[in-house]
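The values are calculated or read from the model by the stated rules, or taken from the named source; none is laboratory data. Quick caveat: nothing in here was measured; it's all calculated off a predicted structure. Here Cβ is always computed from backbone atoms with ideal geometry, including for glycine, and neighbour counts include all displayed protein chains. Quick note on the areas: whole protein, heavy atoms, side chains included, nothing else; ligands and nucleic acids left out. Shrake-Rupley method; radii C 1.70, N 1.55, O 1.52, S 1.80 Å.
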Amino acid sequence: MELHNSAAEIYVPDGSPVNVALSRTTHLGVSAHQDDLEIMAYHGILECFGKSDKGFTGVTITNGSGSPRDGLYGNYTDEEMQVVRRKEQKKAAYVGEYAAHVFLHYSSNAVKDPGNFDVVGDLKQIIAASKPQVIYTHNLADKHDTHVATTLRVIRALRELPGDSRPQRLYGCEVWRNLDWLNDNDKVVFNVEAHENLAMSLVGVFDSQVSGGKRYDLATMGRRRANATYLASHGVDESTSLIFGTDLTPLMHDDKLDAGEYVQGFIDRFAKEVSGRIAKLS
Ligand SMILES: [Zn+2]
């Protein structure tokens, strides 16, 4: 596989050849940054953990340059931060027993540039080689530009691939904006209560972010707990930890379906539910 950037890398935690590792993939996560997958795609990691017939492969599109830094990392240069963040992502891939982790090493600006087709080209190669059943990426209502750009590149790559290389499902998941606001029948609900220790480890290894001033570890575990408790107002909690997603599969199959209009549908249904309740009770 010829990836565009010379600093791109495919890391295989168990040391298997890359083609073997990728062909073991059943669940693929594509994220903008190091640590996003452990926050949003933990369902896929958990589904594959310890299973001989399933494999999770992660893809990180950006190089980690420009990350916030403080404390131990306060004086690190951009180049040093890129090294640290790649190392942390490899730790997560090892702990989570990923089949492989692909570092594409793009700048955020390259990902956000709609005229840059290199990211799409790399994604097409990875998806064609791994043929996952499920892909997790960012949700289209996320508030981080690089996250939303990542999802748009994933959709474009899938549309350009033949049908037999496409997964059965494409999900957009939570990082920068949760999905609690979605109407319940628009939510894809992932139960991730198993192996809580693993979940905590995976969000905890990103020390440069957590000790650098952002408690993503506590916030992520807290969000999952809150999702589980606040999903339904009647009855007892059926899970202690949930991740919410949106089903983006229709965007993969229908070239004419506009991503903005598609996410607007979720927003419109939410608005209707809120105003409908107020009208009913007034
Ligand atoms: Zn991110």
Restricting segment 49-76 to residues that are over 18 Å from Val12 (Cα atoms) and aromatic (Phe, Trp, Tyr), the one least open to solvent (accessible area, probe 1.4 Å) turns out to be Tyr73
Per the filter on segment 54-94, residues among the hydroxyl-bearing types (Ser, Thr, Tyr) and not in a loop (DSSP other than H, G, I, E, B) are Thr57, Thr60, Thr62, Tyr73, Tyr94
Picked from segment 236-252 (must be open to solvent by 40 Å² or more (accessible area, probe 1.4 Å) and not acidic (Asp, Glu)), the residue nearest to Val30 (Cα to Cα) is Pro250
Asp78: passes all of (1) at pLDDT 85 or above; (2) within 16 Å of the ligand (Cβ to nearest atom); (3) not basic (Lys, Arg) but (2)
Condition (residue is open to solvent by 40 Å² or more (accessible area, probe 1.4 Å) and on the phi < 0 side of the Ramachandran plot) applied to segment 29-48: is it met by at least one residue?
yes
Of the residues in segment 116-142 that are surrounded by 22 or more Cβ atoms within 10 Å (Cβ to Cβ) and part of a helix (DSSP H, G or I), the one that is nearest to the ligand (Cβ to nearest atom) is Val119
Scanning segment 20-39 for residues that are within 8 Å of the chain's Cα centre (by Cα) and among the acidic types (Asp, Glu), the one farthest from the ligand (Cβ to nearest atom) turns out to be Glu38
A careful count of residues in segment 150-160 that are open to solvent by less than 10 Å² (accessible area, probe 1.4 Å), among the hydrophobic types (A, V, I, L, M, F, W, C) and within 16 Å of the ligand (Cβ to nearest atom) gives 1
Exercise. Do we find that Tyr42 is within 16 Å of the ligand (Cβ to nearest atom) and touching a residue at least 24 places away in the same chain (Cβ under 8 Å) in this structure?
Worked result: yes
**OP:** Confirm whether Val84 is open to solvent by 10 Å² or more (accessible area, probe 1.4 Å), farther than 22 Å from Val148 by Cβ and away from the ligand (no atom under 16 Å from the Cβ).
**Re:** no
Exactly one of Asp145, Asp113 is within 16 Å of the ligand (Cβ to nearest atom), modelled with pLDDT of 95 or more and either out of contact with any Lys or Arg (no Cβ under 8 Å at 6 or more places or on another chain) or under 15 Å from Trp176 (Cβ atoms) (or both), and that residue is Asp145
Checked pairs for segment 136-152, first of a type in the set (S, T, N, Q), second open to solvent by 10 Å² or more (accessible area, probe 1.4 Å) and within 11 Å of the ligand (Cβ to nearest atom), C-beta under 6 Å and 6 or more apart or across chains, list as Thr146/Ser108
